[in-house]
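Asker: Pasting a structure below so you can have a look.
The numbers here are math on the coordinates, done by the rules we state, and not lab data. Treat the numbers as computed from the prediction; the structure is a model and nothing was measured. Using ideal geometry, Cβ is built from the backbone for each residue, glycine included, and neighbour counts are taken over all protein chains shown.
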Amino acid sequence: MKVHVLSLGDPVPLFYNQDLSNHVDARVRESLAAVQSMNADAFLNAPTDDIIADLVAKHTIPVPTLRADQAYIDGPHEVEIRLPDYGREARLRGTLLALIIPFEGEAGMFYVNPGRWGGALRGNLHYNNLVLAMKGENLEPAAVDKQFKARIQEIEDYLNAQRAMADAHRNSLPNRLRPEIEARKKKLLEARQMVAGLSFPIRARPDTPKTYVAPVTRRKVITTPPATTAPFNPEPVLDQTNYEAILGIIDSMATVMERSPTAFTTMGEESLRQHFLVQLNGHFEGQATGETFNFAGKTDILIRDKDRNIFIAECKFWGGEKAFLETIDQLLGYLSWRDTKAAVIIFNRNRNFSGILQTIQEAIPKHPHLKRALPKRSETSFRYLFGMPIDHNRELQLTVMVFNIPQPT
């Protein structure tokens with residue numbers, strides 16, 4: 001849109017009227033209030049990290065970005081210049097030049113101060129353009145150029161100071177939101193479970209959430225959904241403590257294989273899997289089974305609690321990037337919407353183990369159902385969060401574990 005410089009009026013102070021720290025506090029209050037105002041059913045069904053990501057995106061400070069490379073001069077315009085002259089006002093004919101600088105972001109941020117009080121910057125805003133004006137009786141090109149560049153640099157300094165505060169706010173906001181979200185989820189679930197235990201019949205909403213984390217003890221998979229026939233019926237899932245215990249057992253067994261290659265060199269996937277099952281059954285009271293039908297196919301290692309699958313793993317020899325991604329597809333195809341913990345166990349009998357690890361880390365982002373990477377367990381064990389193919393709002397924590405089974409010498 002064309003800027004009509006002469007119609008903009010006198011320049012106004014920039015970075016002067018408001019305090020950015022007050023904006024930050026307001027965004028925090030708004031995001032915390034949003035946690036409490038979300039529809040309870042939608043709130044319970046949404047993963048905590050997705051709620052946080054959405055609220056952070058909505059309540060981040062939108063610092064503008066100048067497009068100085070697209071700036072242009074508008075003018076010259078003949079204007080009247082008023083100068084004080086010994087108690088009187090002299091009126092002269094002069095020249096006005098305007099520098100039009102496009103920007104992206106929220107225009108209102110040009111009025112917000114990031115704790116750098118004392119500046120005397122002035123300008124006008126016209127839609128997505130910042131307008132800096134300069135007028136005088138005898139303007140010199142070199143002087144005009146120098147002053148415009150100095151003003152741009154000063155504005156960039158203010159914006160960089162805003163950006164630093166905005167980044168600090170964005171980075172700290174998840175830690176402010178997470179306990180608020182988890183506390184509300186806990187309260188909502190406790191209330192629903194309390195209602196489910198009442199002796200009076202209660203009519204359930206058809207969209208009541210169907211999942212909760214079942215409390216379990218380490219080395220023994222125990223799930224304790226409320227013993228009730230009331231409408232709210234949470235589904236048991238494996239908690240993080242038991243998940244880590246299972247992965248630790250797999251790690252220990254793989255270490256034995258790596259250190260004793262002769263004993264395992266002729267074994268195929270099924271035989272290697274049996275060794276893992278023996279160890280898991282020893283630690284989890286025989287609840288691990290092999291080749292058990294689950295949802296859309298068969299899987300290699302499955303732990304069930306009553307009629308619910310709570311851990312699923314697929315064991316494969318390394319066959320290249322394409323085969324690896326197909327293994328993930330295969331595993332996702334086995335899973336029902338209530339499965340939330342899984343693993344892909346990769347055995348390598350080839351050389352270039354470090355190259356395979358690199359390939360795996362480069363291949364995972366190509367998968368369409370990947371939501372984000374999680375912190376690594378180790379140099380050979382990687383964590384990821386996937387959306388379920390049948391419902392991307394349902395999340396699966398997938399650990400990829402890679403083990404080198406050397407050929408015997």
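Asker: What do you get for GluC sites (Glu not before Pro) in region 357-409 restricted to DSSP loop and a cutoff of at most 16 other Cβ within 10 Å of the site's Cβ?
Answerer: When the GluC sites (Glu not before Pro) of region 357-409 are filtered for loop state and at most 16 Cβ neighbours within 10 Å, Glu379 remain.
Asker: Next question, about the same structure. Give the separation of the Cα centroids, region 347-372 to region 100-175, in Å.
Answerer: Their Cα centres are 45 Å away from one another.
Asker: Considering amide H positions built from the backbone, and no H for Pro or chain starts, which residues 5 or more places from His126, or on another chain, come under 5 Å of its amide H?
Answerer: Val131
Asker: Can you check what the Kirkwood hydrodynamic radius comes to for region 5-179, Cα pairs only, in Å to one decimal?
Answerer: Evaluated on region 5-179, it is 18.9 Å.
Asker: Same structure again: Apply the Karplus parameterisation 6.51 cos²θ - 1.76 cosθ + 1.60, with θ equal to phi minus 60°, to every residue of region 246-253 and state each ³J(HN,Hα) to the nearest whole Hz, in sequence, with x for glycine and proline.
Answerer: Working through the residues one at a time gives 4, 5, x, 5, 4, 4, 4, 5 Hz.
Asker: Further, regarding this structure: What number comes out for the charge environment of Val63, summing +1 per Lys or Arg and -1 per Asp or Glu over other residues with Cβ under 12 Å away?
Answerer: Spelling it out: positives minus negatives among the neighbours equals -2.
Asker: Given Lys58/Lys149; Lys185/Lys376; Lys58/Lys185; Lys186/Lys376; Lys316/Lys341; Lys58/Lys371, which pairs have Cα atoms separated by over 24 Å?
Answerer: Lys58/Lys149; Lys185/Lys376; Lys186/Lys376
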